[in-house]
DNA sequence: GTAATTTCTTTACGCGCGTAAATTTTTTGT
DNA sequence: ACAAAAAATTTACGCGCGTAAAGAAATTAC
């Protein structure tokens, strides 16, 4: 690295021997300049360690290279994991991702979108809070910014939706449970955070009917995003009152299942699929933590990789101007058999 | 809101009746203008929904209002939780926080800092990867940007360090375990990710000596940040080989403990403090998930609130120019008694 | 009420880069 | 080798705001 400190593109253009507009063009898209020119510029970048001022860059460009990634709750490893995936894909595609979390709070979600707007993002990958989201501010946002909705759909907002096929999820795992033991009861939140839960309940009802079993849904109280605690408290109540009509419980999601497992433990109820176990518990999501519960949780897992790939690709296409009608992509999950069911 | 769309500060200055330089002053610091002026401006903001262009703002200011928050692994709920805390404090103090994760990768950590630099942040709250961090790039970074190190200290880098008192952590919980049963063995990673682990081991050795017990450290293999899996695999090996000389195991951190609990489960070993339990297991960190293990994990918890408060305050003071000699603040943890020990 | 002080206005320039237009140079096709 | 096409250069302006300087206006002090 040379000792002369380059402070702007003008100076850089001088030392690199390439005119400033061409240098500017290069930074906008390295492939847009001739191969030999590109090499000269990159040699100079290497030598002088020059990087253009991103604020000055973004000020004039109508479209920046910024991409916002918004999740409802970053403290949930599921969202952390998918956000990590998306982040990497954005970087690989030459964008500058920025991570945001609504922390379970609708007001914060609105605020985050408000702030995002001022970053003039080329696009946004948004997993909405769901039921609690402020519909009007979401609507206003997606009008102005190319937004791909993932994880949980909100009407036909944005350019497309990419998520998991909740119907497949639940029917698949219900099928498994029915084939390997007593048919499952369904354990869920009474007022779930997002519409995925409704689909899963409906799919459970459908599947049970198809198999000729009597469905039983236990809906527990609880607001907010403390699913484990809701599952634990609700589980205690349901267990104490003997609300489960069979020895098998399918939870609406893994976090609820984790709470339920804790409740079972606290009541001395042995969970598993062995003969000595009293009940079987299964979850849904393939939560990063589900491997380490006791017993390890049988679940049906999101295809993290596929979801993030489809979501990112769809957004990048839209940014590049490939307009397509709104589309919903729902990917299948994979059953993960462990000891809990 | 009026229908006229204000597109820059010039226009806003016209409709608000305040000159542009004064409006600019207001956005730089609302308290720097006269009370009556401030009200006029804020009324106009409300009416016209104007927000200054952040790129243009940041371009000329030598110091922005940006604050970077960098953690080693956002998928770890511990870091997610503390990041959330810090984020909120930054917002409350009028800064614009941006979240970054090194995702356990030293190269990514360096890259994140490189990108952060171009955001000209007023300051950075950095929890380094630790042992794996690239010392030289950290050093270069903290020279240029006011950086507060938290969670895991790296020499005397940055403006200060704020974290937990690992010596107090381990001596406190070791004391508890000794008083309530057999003295603990210490379960850790052979090559831990950060220096906190070394302090904890040392503190364990000190405490055991003080109590007149023979210490026993079991160090398990494993690289990276998959602590649960490392704990599980190492736990299996240690349990099979009967390496634990007492019935009590203190883990270097909660994630390791969670893995160990899974190993115990998989070997049919009952964990708890009751008479029917075979061993006791305790962790350290107060991991958000520790409440929901089976049995719920006895641990010693970081004071998340205090750590984030001290860290944020120290950074804000430094940004405001209060230069103080480098200082290390280590906060005590609180013992959380649960069923596992 | 007057002077001192604070705050605001006017004027003006610059930051670093995007980008458009006209021109020149280089590359490509045949 | 020559014309056509592609890419680079020169020139020039603008983006939205920070900020400095000088003077006018409003507030405060006494």
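In nanometres and ascending order, the distances from the residue A:243 label point to those of the other copies are 4.4 (point 7 Å from Cα along Cα→Cβ).
Sorted shortest first, the distances from the residue B:5 label point to those of the same residue in the other copies are 4.1 nm; each point sits 7 Å from Cα along Cα-to-Cβ.
The same position residue A:25 in the other copies lies at 4.6 nm from this copy, comparing label points 7 Å beyond Cα toward the beta-carbon, shortest first.
How many angstrom separate the Cα center of region B:12-63 from the Cα center of region A:43-119? Between the Cα centres of region B:12-63 and region A:43-119 lies a distance of 26 Å.
With contacts taken as Cα pairs under 8 Å at a separation of at least 6 residues, region B:166-301 carries a relative contact order of 23 percent. Across peptide B:79-87, the mean count of Cβ atoms from other chains lying within 10 Å of each residue's own Cβ comes to 3. Per the Debye calculation on region A:224-341 with a single equal scatterer at every Cα and no solvent contribution, log₁₀ I(q)/I(0) for q = 0.17, 0.18, 0.21 Å⁻¹ amounts to -0.80, -0.86, -1.07.
Pairs of Cα atoms nearer than 8 Å and 6+ residues apart set the relative contact order; for chain A it is 15 percent. What shape does region B:284-332 take by its C-alpha gyration tensor, where a ≥ b ≥ c are the square roots of the eigenvalues and a/c under 1.5 counts as rounded, a/b above b/c as prolate, and the rest as oblate? In terms of gyration-tensor shape, prolate. Centroid-to-centroid, using Cα positions, region B:281-324 and region A:152-191 are 36 Å apart. Ranked for footprinting exposure by Cβ neighbours inside 10 Å, fewest first, B:208, A:309, A:119 give A:309, A:119, B:208.
Using a/c under 1.5 as the rounded threshold, could you call chain B rounded, prolate or oblate? The axes a ≥ b ≥ c are square roots of the C-alpha gyration tensor eigenvalues, and prolate needs a/b larger than b/c, oblate otherwise. Prolate is the answer for chain B, as a/c is 1.5 or above and a/b outweighs b/c. The ranking of B:292, A:304 from fewest to most other beta carbons within 10 Å of each one's beta carbon is A:304, B:292. Of all beta bridges that DSSP places with both ends in the protein assembly as shown, some 10 percent have antiparallel geometry. Each Cα pair under 8 Å and six or more residues apart adds its sequence gap; the mean of these over the residue count of region A:1-60 is a relative contact order of 41 percent. Mean residue ellipticity, 222 nm, helices only, the protein assembly as shown: the sum of -39500 (n - 2.57) across DSSP H runs of n ≥ 4, divided by residue count and rounded to 500, is -14000 deg cm²/dmol. Legend: mean number of C-beta atoms from other chains within 10 angstrom of residue C-beta atoms, peptide B:305-311, equals 0.
Once the Cα atoms are used to define both axes, helix A:304-319 deviates from the longest principal axis of chain A by about 40 degrees.
When the Gaussian network model of chain B links Cα atoms closer than 10 Å, the mean-square fluctuations of B:213, B:310, B:302 top out at B:213. Counted over chain A, the DSSP beta bridges are approximately 10% antiparallel. Rounded to the nearest 10 degrees, the inclination of helix B:227-240 to the longest alpha-carbon principal axis of chain B is 0 degrees. Neighbouring Cβ atoms from other chains, within 10 Å of the Cβ of residues in A:223-229, number 1 on average.
Residue order for A:78, A:204, fewest other beta carbons within 10 angstrom first, comes to A:78, A:204.
For chain A, the longest principal axis of the C-alpha atoms and the axis of helix A:35-48 are separated by about 80°.
For chain A, modelled as a GNM whose springs connect Cα atoms under 10 angstrom apart, the maximal fluctuation among A:15, A:70, A:220 occurs at A:15.
Result for chain A in a Gaussian network model with C-alpha springs under 10 Å: among A:122, A:93, A:207, the largest mean-square fluctuation is at A:93.
Would you please classify the overall shape of region B:42-125 from the alpha carbon gyration tensor, given that a ≥ b ≥ c denote the square roots of the eigenvalues, rounded means a/c under 1.5, and beyond that prolate means a/b larger than b/c while oblate covers the rest?
Since a/c reaches 1.5 but b/c is at least a/b, the shape of region B:42-125 is classed as oblate.
Peptide packing for A:319-329, B:24-34 was compared via the average number of neighbouring C-beta atoms within 10 Å per residue; ordered from the highest value, the list is B:24-34, A:319-329.
A short reminder: the numbers here are calculations on the coordinates, not readings from a lab. Quick caveat, the model's predicted, so the values are computed rather than measured. Quick reminder, even Gly has a Cβ in these numbers, built from the backbone with ideal geometry, and neighbours come from all protein chains shown.
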